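Chemist: Here it is: the structure, laid out below.
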Amino acid sequence: MIDKLQFFLTLARERHFGRAAEECGITQPTLSAAIRQLENELGVMLVNRGSRFQGLTPEGQRVLEWARRIVDDTRTMKEEMRAARTGLSGHIRIAAIPTVLSLVPKITGPFQEKHPAVTFSIQSATSLQIISQLENLETDIGITYLENEPLGRVVTVPLIEERYYLVTAKTSPFAGRDSVTWKEISELPLCLLTPDMQNRRIIDRHLAEAGATVTPRLESNSMIVLFTHVLTGKWASIMPLDAARSFGFAEEIAVLPLTEPQTSHSVGVIALEREPNTPLVSAMLNVAREVSTAAGPAWRSASPL
């Protein structure tokens, strides 16, 4: 039953029998047969079928919720028994928004010291993707904004207050200033994250609050792309301080706090709210709390170097 529920979860996520079968490492006929067997066992149709996948039936949507719970509970049980035998081990998946990827080692480093048998995979994702991946059991931990858009039923651990800075060339007319307003930067050739990123939506909102209308000259979902374009001296960008710091402050770069409005947004670790959580997720949340407490206000409201 568990294998069939896992196949069903993959099909619901991929919405395509061929892709789901490939993801599961089985043939498409084997996947189709497993879904049919699950339907026969439960006595309901789970999938609307035609020439291609046409979505889940109402019963399928309800079974999807149960499948997530059962598969996750099974994984939690296995992890607890493994931890009881050999100590904490296994693999933990982390998804983080691009602006905070540089902060991930502040958590994974202390975690690795405590639990050296655990391995990690870390990927960049939008805030909406992180929520979806948590719900679909595709990731274990998210690092994202905590306050601007709905998160659903999650446990949160605040880490930093993300503040925004103009990152520009030393040749910019603003370079010698102590700060710059959101309104003043509206005429600069800006490179910003793409609109599917919550960071970009926050920036657009603050620009609108300042009465500024901006059309970026360049958009990317990569902070590295933005920063390397700023290094050419032809673009400027708006970044959280920690993101800019992660690339190193070159002599030709100026970093100026943005004011009017001067704002901050809470970023932290999130995980699905469930009891009990997997041993790996529980341990990661504990480490995040320890790191946040030890860092204190100084980390959350740092100033440029």
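Chemist: Quick one: if the Förster radius is 25 Å, what FRET efficiency do Asn48 and Ser132 give, using the C-beta to C-beta distance and rounding to 0.05?
Modeler: Details: r = 21 Å, r/R0 = 0.85.
FRET efficiency, Asn48 to Ser132: 0.75.
Chemist: Are there trypsin sites (Lys or Arg not before Pro) in the range 37-94 that DSSP puts in a loop and that have at most 16 other Cβ atoms within 10 Å, and which ones? Walk me through the numbers before you get to the answer.
Modeler: Values: sites: Arg49, Arg52, Arg62, Arg68, Arg69, Arg75, Lys78, Arg82, Arg85, Arg93; in loops: Arg52.
Those that pass, being in a loop and sparsely packed, are Arg52.
Chemist: Hey, got the dipole for the chain? About the Cα centre, +1 on K and R Cβ, -1 on D and E Cβ, debye to the nearest 20?
Modeler: Once rounded to the nearest 20, the dipole reads 400 debye.
Chemist: Next question. Extension gain Ile2-Glu252, at 0.36 nm per residue separation less the Cα-Cα distance, in nm? Don't jump to the answer; show the numbers that get you there.
Modeler: Details: separation 250, 0.36 × 250 = 90.00 nm, distance 5.72 nm.
Result for the pair: 84.3 nm of gain on full extension.
Chemist: While we're here: Once you place label points 7 Å from the Cα toward the Cβ at Thr74 and Glu187, how far apart are they in nm?
Modeler: For Thr74 paired with Glu187, the spin-label model returns 6.4 nm.
Chemist: Report the FRET efficiency, 1/(1 + (r/R0)^6), for Asp204 and Val104, where r is their Cβ-Cβ distance and R0 is 35 Å, rounded to 0.05.
Modeler: On the way: r = 26 Å, r/R0 = 0.73.
Rounded to the nearest 0.05, the efficiency is 0.85.
Chemist: Set Lys and Arg Cβ to +1 and Asp and Glu Cβ to -1, take the dipole of the range 1-125 about its Cα centre, and tell me which of Val47, Gly60, Phe111 lies farthest positive.
Modeler: With unit charges placed on the Cβ atoms, the residue in question is Phe111.
Chemist: Stokes-Einstein diffusion coefficient for the chain at 10 °C in a medium of 1.306 mPa s, Rh from the Kirkwood formula over Cα pairs: what value in µm²/s?
Modeler: Value of D from the Cα-based Kirkwood radius: 73 µm²/s.
Chemist: Looking at the chain, what % of its DSSP beta bridges pair antiparallel, to the nearest 5?
Modeler: 60 percent
Chemist: Then there's this: List, in the order given, every pair from Lys183/Lys234; Lys106/Lys234; Lys106/Lys170; Lys78/Lys106 whose Cα-Cα distance in the structure shown is over 23 Å.
Modeler: Lys106/Lys234; Lys106/Lys170; Lys78/Lys106
Chemist: Now for a separate question. How much accessible area per residue does the chain have, counting only protein heavy atoms and a probe of 1.4 Å, in square angstrom?
Modeler: Result: 48 Å² of accessible area for each residue.
Chemist: Taking a label point 7 Å from the Cα of Thr215 along the Cα→Cβ vector, which residues of the range 169-204 have an amide N closer than 18 Å to it?
Modeler: Flagged as within label range: 185-195, 204.
The values are calculated or read from the model by the stated rules, or taken from the named source; none is laboratory data. Not measured: the values here are computed from a predicted model. Every residue, glycine as well, gets a Cβ built from its backbone with ideal geometry; the counts of neighbours run over all protein chains shown. Surface areas here come from the heavy atoms of the whole protein model, side chains and all, with no ligands, DNA or RNA. Shrake-Rupley method; radii C 1.70, N 1.55, O 1.52, S 1.80 Å.
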